[in-house]
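Below is one structure, written out as structure tokens; comments come after it.
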Amino acid sequence: MLIKLLKYEFKFTGRSLLPIYAALLVLTVLMNLGDGMRFGFNNAGMFEGFFKTMLIFTYSCVISAVCIITVVLLVQRFYKNLLRDEGYLMHTLPVSAAQNIASKLICAVVWSVVSLLVAGLSLLFISMTFSNWQQFFDGLADFIHDLNVAFGIHWPLFALETLALVLLALASSIVEVYLALAIGHIANNHKIACSIGAFIGLKVLSGLIGQLLGHGIVNWHWLNDFFQNFFYGSLHEQIAGIHMMLLGMLAVSLIYTGVMFVATNWIMKNKLNLE
């Protein structure tokens, strides 16, 4: 059933997001044709200068809209579909609250990544000339070669661990918003204000937890040996240290995200107030 929910979510959200991506693609092409971000205005006529100015302004608006609309739409989907009037229908479907939350979360993570990639690639394309691209790929090949020489098979593992950490951090941020909205909708009145207050409270709480963990870690004696090996040990010890650091961060993020997901699921099942 989760697959069906995901198909519905991607179909619904894609109707709003894909046209924006297409508009950004068209503008990126126009900017490249006109040498958009690199052209000068000194020798441009009045009409040409006005056209280029409007092109830059439009591009700036669209690339901002890609990021802003993505965030607003994905938060709105959770809010309206599960916490407002549509929630009466969604909560009667033969699916669990966890599946409803998971479908929204997976969809939000995927679209967030797509939006960042689209915006990033667009900026990259309009800022690069043909010779720049040649230098870019030559530099990338040299960089990968140096990584292979230094770390061997370990650098793709580092990349995968870092990617997993980024995706988990993104999911954590999204489910934090979901939990704040769910907490706010326990109240009978001023639900949005309560949700904002809950979000601020969660941020403060996560900051305190981070400080406590950091203080506790600093006082762990075994870490002195770890950092000694990490900075002054052999290459093998340094590689092991990087893996331990990344895996430790993944574990902490996974626990934090899991706790928030479970809390959101519990509220949706037992305490949700749709009135």
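One table, with the values for the structure above:
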| quantity | calculated |
| --- | --- |
| Where labels lie 7 Å past Cα in the beta-carbon direction, separation of Leu93 and Leu160 in nm | 3.3 |
| Estimated distance in nm for a label pair at Ser127 and Val26, the labels positioned 7 Å out from Cα along Cα-to-Cβ | 2.6 |
| Share of carbon and sulfur in the accessible heavy-atom surface of segment 159-214 [1.4 Å probe, %] | 78 |
| Inter-site label distance for Ser60 and Ile192 at 7 Å from Cα along Cβ, in nm | 2.8 |
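The values are calculated or read from the model by the stated rules, or taken from the named source; none is laboratory data. Keep in mind that what you see is a predicted model, and the values were worked out from it rather than measured. In this analysis, Cβ positions are derived from the backbone assuming ideal geometry, glycine residues included, and neighbour counts consider all displayed protein chains. What goes into the accessible areas is simple: the full protein's heavy atoms, side chains included, and nothing from ligands, DNA or RNA. Shrake-Rupley method; radii C 1.70, N 1.55, O 1.52, S 1.80 Å.
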